[in-house]
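I have a structure I would like to understand better, so I am pasting it below and will then ask my questions one at a time.
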Amino acid sequence: MKIKRVLRLVMVLPLVLAELTTGALASERVNARAAVMIDASTGQVLYEQNANQKLPVASISKLLTVAVVHDELKQRIITANTRVNVSADVAAIASDPAYSTIGVQEGQSYTVRELLNAAMVKSADGATLALAEADGSDLEEFNLKMDQKAKEIGLRNFTIVNPVGLTNGDLKGLKLGQYANDTENEMTAKDAALLARYLVQAYPELLQVTAQKNAKFYIAKDKTVKADNLNKMLPGEQYAVPGVKIDGLKTGTSAAAGPSFVSTGVYRGHRVITVVLHANGDGGDARFAATRQLYNRLKGMKTEQITLPRWLHRQWVANGTQRSVAIRPQQVSVWGDKPIKNYSLAVRLNRHGQNGKILAPVRADEKIGELEVASHGVKTIDNEPLTYSLYSSEQVPLGNFWQRLWH
């Protein structure tokens, strides 16, 4: 999410970076209708294929549901321990073996934490519907919150019918009259990548949930269900990619969506997000094979280091025991397969002090802002400059009265 005020714009630097080449970036397409791969931190697009076509996304929709629930948790509308009673309509879906379910039962109550685990590990439809009702919202009200959140994140081409990704008709007693029975949630691969990037940045704790290989769910007294994670790309699993530690994020499957998958993993210190919509091939595992194609492309790519000018190595501080603070990193990297002929740098600071200075006190390793790198040779998922977090390398305590006056 962007900080609006630019505090310092650096001149365009006429530096040509070494050409970034990769044998993997040939004409071979990912075996899916649409695909995207981005650097989660900077937003740089590393691969895209049919990224702007609006397509059904099935249970990938649950990522947007979680984004709304996260807001409710932050605002203390609900807590992780809030108990949610399961209605008859939700139980009718939760008990149907044709759906993804762990069997939450009518009349029982479950905590938001339990329902979130069920939604993200097992993709449980009934549990997700119950989660959407945690704050007392009905389905139509929650849809409006999802729509608003999608726009806030920056999604541009989407349709929201329900919090789970089922067709409207499959919702049984919960279906909405304004939609045809076969209507279901849709978005583009680009929007799915934007949504995943938002969650990774705003709700990093979610990855502790999605990284679980299995989880136990207490359905009722003396009844426990153990469910395996549907993500077969976690470390040690069948489609794990050597050198990439995948820890999320969400699968999705429907007749219209086909096997789809949004993943995130860390490769050589870079967090990467991939999106595969409607993978081609037999069986649900086609989405993992297509995602592996993306990660294998990544292994053939290189990065070029940009060394920041020395006068960017410190930022001014107001009201501190010293007048500036050392920052890191002093180098940033850019992915790509084309030369970057020139670029510009801009610093955006989180905490505004006096005259564009950071306000003391400053903690060591505190995030103090962002560095933005703009270039015509680089594409980002949100059409903004590449972004890199800036951190303080030292502590700057609040100064005494005379030091503050001097500053």
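About the Cα centre, and with charges only on the beta carbon of Lys, Arg (+1) and Asp, Glu (-1), how big is the dipole of segment 306-385? Nearest 20 debye, please.
The calculated dipole for segment 306-385 is roughly 320 debye.
Per residue, how much accessible area does the chain show when a 1.4 Å probe rolls over the protein heavy atoms, in square angstrom?
I get 45 Å² per residue for the chain.
Note the angle between two axes, namely the Cα long axis of helix 62-74 and the longest principal axis of the Cα atoms of the chain, as a number of degrees from 0 to 90, rounded to the nearest 10.
70 degrees
Largest first and to the nearest Å, give the Cα extent of the chain along each principal axis.
Principal extents (Cα only, largest first): 68, 57, 41 Å.
Lys and Arg at +1, Asp and Glu at -1: add these up for the other residues within a Cβ distance under 11 Å of residue 81 and post the number.
Taking every other residue near residue 81 into account, the sum is +1.
So, with a 1.4 angstrom probe, what is the percent of accessible area on segment 334-398 that is carbon and sulfur?
Numbers: 1360 of 2980 Å².
The nonpolar share, carbon plus sulfur, comes to 46 percent.
Right, another one. Evaluate the charge dipole of the chain about its Cα centre and quote only its size in Debye, nearest 20, assuming +1 on the Cβ of each Lys and Arg and -1 on the Cβ of each Asp and Glu.
Rounded to the nearest 20 debye, it is 1720 debye.
Which value, in debye to the nearest 20, gives the size of the charge dipole of segment 250-322 about its Cα centre, when Lys and Arg are +1 and Asp and Glu are -1 at the Cβ?
On the way: 10 positive and 3 negative charges, 73 e Å.
I would put it at about 360 debye.
What is the local net charge at residue 216, summed over the other residues whose Cβ is closer than 15 Å to its Cβ (Lys, Arg +1; Asp, Glu -1)?
That works out to +3.
Do any trypsin sites (Lys or Arg not before Pro) in segment 90-195 lie in a loop, going by DSSP, with at most 14 other beta-carbon atoms within 10 Å of their beta carbon, and if so which?
156
Would you compute, from DSSP H runs of 4+ residues alone, the mean residue ellipticity of the chain at 222 nm, taking -39500 (n - 2.57) per run and dividing by the full residue count, rounded to the nearest 500?
Rounded to the nearest 500, the figure is -6500 deg cm²/dmol.
Separate question: Quick one: net charge around residue 369, please, counting Lys, Arg +1 and Asp, Glu -1 for every other residue with C-beta under 9 Å from its C-beta.
So the environment of residue 369 carries a net charge of +2.
Now for a separate question. Per the 1.4 Å probe, what fraction of the accessible area of segment 59-210, in percent, lies on carbon and sulfur atoms?
About 45 percent, which is the carbon plus sulfur part of the accessible surface.
A further question follows. What is the helix-to-structure angle for 139-153, meaning the angle in degrees between its Cα long axis and the longest Cα principal axis of the chain, kept from 0 to 90 and rounded to the nearest 10?
Value to nearest ten degrees: 20.
Going toward the positive end of the dipole of the chain, with +1 on Lys and Arg Cβ and -1 on Asp and Glu Cβ, which of 111, 242, 261 do you reach last?
Highest projection toward the positive end goes to 242.
The values are calculated or read from the model by the stated rules, or taken from the named source; none is laboratory data. Remember, predicted model here, so these are calculated numbers, not experimental data. Methodologically, a virtual Cβ is constructed for each residue, glycine included, from the backbone with ideal geometry; neighbour enumeration extends over all protein chains shown. We work out accessible area using only protein heavy atoms, side chains counted, and drop any ligands, DNA or RNA first. Shrake-Rupley method; radii C 1.70, N 1.55, O 1.52, S 1.80 Å.
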